[in-house]
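Read through the structure below, which is laid out as C-alpha cells, and then see the notes.
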Amino acid sequence: MGHDRMTGAVREFDLAVVGAGVVGAMTGHLALEREPGLRLLTVDQLDQGSPNATGLSAGLDVPTGRDARQRALAARSTALYRRLRTGRPGLPVRALDTFWLLARDNVGRLRETMAGPVLEEADPDALDGVFPGLRPSGDQALLRSGGSWCADVAGLTRALLDEQRGRSGCAVWEGEEVTSLRPYGDGFLLAGEGGRALARCRTAVVATGPWALHGPFGERMRAAGLRIKKVAAFHLDLRPVDDAPVLIFEDDDAFLLPQPESGRWLFSFTSQEWDGSPVLGPPALSDGDYREALRVLRRYVPWLAGALSGGRAFYDGYTPDRLPLVEPVPDHPGVVIAVGGNGSGFRLAPAIAERALALLSPGYLEPQSLGSGRS
C-alpha cells in the first residue's frame with residue numbers, strides 16, 4: 001500500500017499520524033488547517049467499522065476537569081469543537097442540556113471542576129417529561145448547566161478522514177499495522193510486520209489509543225505508567241423524548257445519555273477491570289458490570305433498572321494522573337506520543353491534537369523533500 005505501483009518507491013509524507021481514531025483524525029484535521037499543503041498520512045491497523053474506542057464512545061463532551069490542567073484541556077477542546085461545528089454544520093455534533101444529581105455536600109467540589117459552564121439549582125419539575133417522578137432526596141441536589149456537546153464520534157471521525165482523503169498528497173490507510181518508526185535520512189521509516197517498509201515521513205504523531213502498549217514506543221508508554229482499562233455502558237430500551245438532556249450521577253461517575261438516533265438511552269458507568277488487551281479482541285460486558293449498573297440505577301432511578309438491554313465495552317489507555325500522555329520521544333526528534341484518553345478521548349481530542357502539534361519543532365510541518373538515508 002505504501003509503495004508506488006509503477007516505480008516501487010516508498011511514498012513520502014511530511015507528517016504521519018499513527019492511529020485513525022478521533023485523536024488521530026483531529027490531529028490530521030488541525031495540521032491541515034495550519035498547513036494546507038501538507039502531505040499527510042493517517043494509518044491504522046483496523047479497517048473502518050471495526051470495533052474500537054472511537055466507534056463505541058458515548059461521545060459526550062461535558063467541560064469539566066479534576067484539576068486546573070484538565071479543565072484547561074476541556075475548555076480548549078470545547079472551543080475547538082464549537083469552531084469545527086460552526087464551519088461544518090452538517091457534522092454529527094449537537095448541543096444538549098445537562099442535569100446533575102449528587103449529594104448536596106459535594107456541590108462545592110463539582111463547582112470547582114467546571115471549565116466554563118455555570119451550575120444552577122434546577123427545578124425537579126423540569127425533568128418530569130423525561131424521568132417522571134424523579135425527585136432529589138433531602139441530602140441531594142439537582143443542578144443544571146449548559147455547554148455540553150454530544151457527537152456520533154465514529155461519524156465525526158469518518159468525516160474528518162474523508163476530508164483528508166480528498167486532498168492532494170494526503171492518504172488514509174486502514175488495515176495496515178505500524179510496528180516501528182526508524183530514523184531514516186531526515187525523517188523516519190514507518191515499518192510494518194517483519195520490517196516491511198510502509199512509508200517515509202519527516203515527522204509523526206503516535207495516537208494509538210488502547211493499542212498504545214502494543215505499537216511503536218509501547219515500552220516507553222508502559223514505563224510512563226499507562227495502563228489499559230475497560231470502559232463499559234449498557235443500553236436502555238426506552239425512547240428519549242425530543243431534546244432530552246443528559247443526566248449525570250456525579251458521585252458515582254455515571255450518566256444517562258439520550259441517543260434519539262438509536263431510539264434508546266445509553267447508561268455509562270465506571271468499570272474497574274484493568275490490564276486487558278485489545279490484541280485479544282474487544283472486552284465483553286460481565287456479570288460484575290451488570291451488578292454495578294443495577295446498583296447505580298437503583299440508587300437514583302430504580303424504575304429504569306428493568307430497561308437494561310445489551311450494551312458495549314471497549315478499552316482505553318489510562319495514565320496515573322488521568323491526564324493525556326502527550327510528549328516528544330527524546331531519541332526521535334520530530335515524533336510525538338499522544339495517548340491516554342482516560343475514557344475521555346472524544347472530549348479532549350482537539351486539545352490533545354493541538355498539544356501534540358505544538359510539540360513539533362517550528363518548521364517540521366512545512367512541506368519539503370526528505371533527504372536520503374539508510375535504515
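The values are calculated or read from the model by the stated rules, or taken from the named source; none is laboratory data. None of these values were measured; they are calculated from a predicted model. Methodologically, a virtual Cβ is constructed for each residue, glycine included, from the backbone with ideal geometry; neighbour enumeration extends over all protein chains shown. Ligands, DNA and RNA are stripped out before the accessible areas are found, and what is left, the full protein with its side chains, is counted by its heavy atoms. Shrake-Rupley method; radii C 1.70, N 1.55, O 1.52, S 1.80 Å.
Express the relative contact order of the chain as a whole percentage, based on alpha carbon pairs under 8 Å and six or more residues apart in sequence. Display every interim value, and only then the final one.
Numbers: 809 pairs, mean separation 91.8, N = 375.
Reported as a whole number, the value is 24 percent.
If you count only protein heavy atoms with a 1.4 Å probe, what accessible area per residue comes out for the range 270-315, rounded to a whole Å²?
On the way: 2480 Å² over 46 residues.
About 54 Å² of surface per residue is accessible.
Could you tell me the center-to-center distance, by alpha carbons, between the range 65-138 and the range 258-279 in angstrom?
Comparing the Cα centres of the range 65-138 and the range 258-279, I get a distance of 19 Å.
Starting from 0 in steps of 5 Å, tell me what percent of the Cα-Cα pairs of the range 129-288 lands in each bin.
Spelled out per bin, shortest first, that is 1, 6, 10, 13, 14, 14, 12, 10, 8, 5, 3, 2, 1, 0.
Which value, in Å², gives the accessible area per residue of the range 75-171 when a 1.4 Å probe is used on the protein heavy atoms? Walk me through the numbers before you get to the answer.
Working: 4570 Å² over 97 residues.
The answer is 47 Å² per residue.
Can you figure out the FRET efficiency of Ser309 with Ser180, using R₀ = 45 Å and their beta-carbon distance, to the nearest 0.05? Walk me through the intermediate numbers first.
On the way: r = 43 Å, r/R0 = 0.96.
Approximately 0.55, to the nearest 0.05.
What angle, in degrees between 0 and 90 and rounded to the nearest 10, separates the Cα long axis of helix 68-87 from the longest principal axis of the Cα atoms of the chain?
For 68-87 against the chain, the angle is about 80 degrees.
For the chain, give the share of DSSP beta bridges that are antiparallel, in percent and rounded to the nearest 5; count only bridges with both residues there.
On the way: 52 of 73 bridges.
If I count the DSSP bridges inside the chain, around 70 percent turn out antiparallel.
If you take percent of Cα pairs over 26 Å apart from the coordinates, which of (1) 52; (2) 55; (3) 48 do you get?
(1)
Counting only the heavy atoms of the protein chains, how much of Ser286 is accessible to a 1.4 Å probe, in Å² to the nearest 10?
40 Å²
Asp275 to Asp125: FRET efficiency via 1/(1 + (r/R0)^6), r the Cβ-Cβ distance, R0 56 Å, to the nearest 0.05? Don't skip to the answer; put the middle values down first.
Values: r = 46 Å, r/R0 = 0.81.
For R0 = 56 Å, the calculated efficiency reads 0.75.
Between Asp243 and Arg69, what is the spin-label point distance in nm, taking each point 7 Å from the Cα along the Cα→C-beta axis?
4.0 nm
GNM, the chain, Cα, under 10 Å: largest mean-square fluctuation among Arg71, Arg94, Arg299?
Arg299
On the accessible surface of the range 1-141, probed at 1.4 Å, how many percent belong to carbon and sulfur atoms?
Details: 3240 of 6550 Å².
The C+S portion of the solvent-accessible surface of the range 1-141 is 49 percent.
Could I have the simple spin-label model distance between Arg94 and Ser168, label points 7 Å from Cα toward Cβ, reported in nm to one decimal?
3.9 nm
Using alpha carbon centroids, what distance separates the range 34-48 and the range 298-326, in Å?
30 Å
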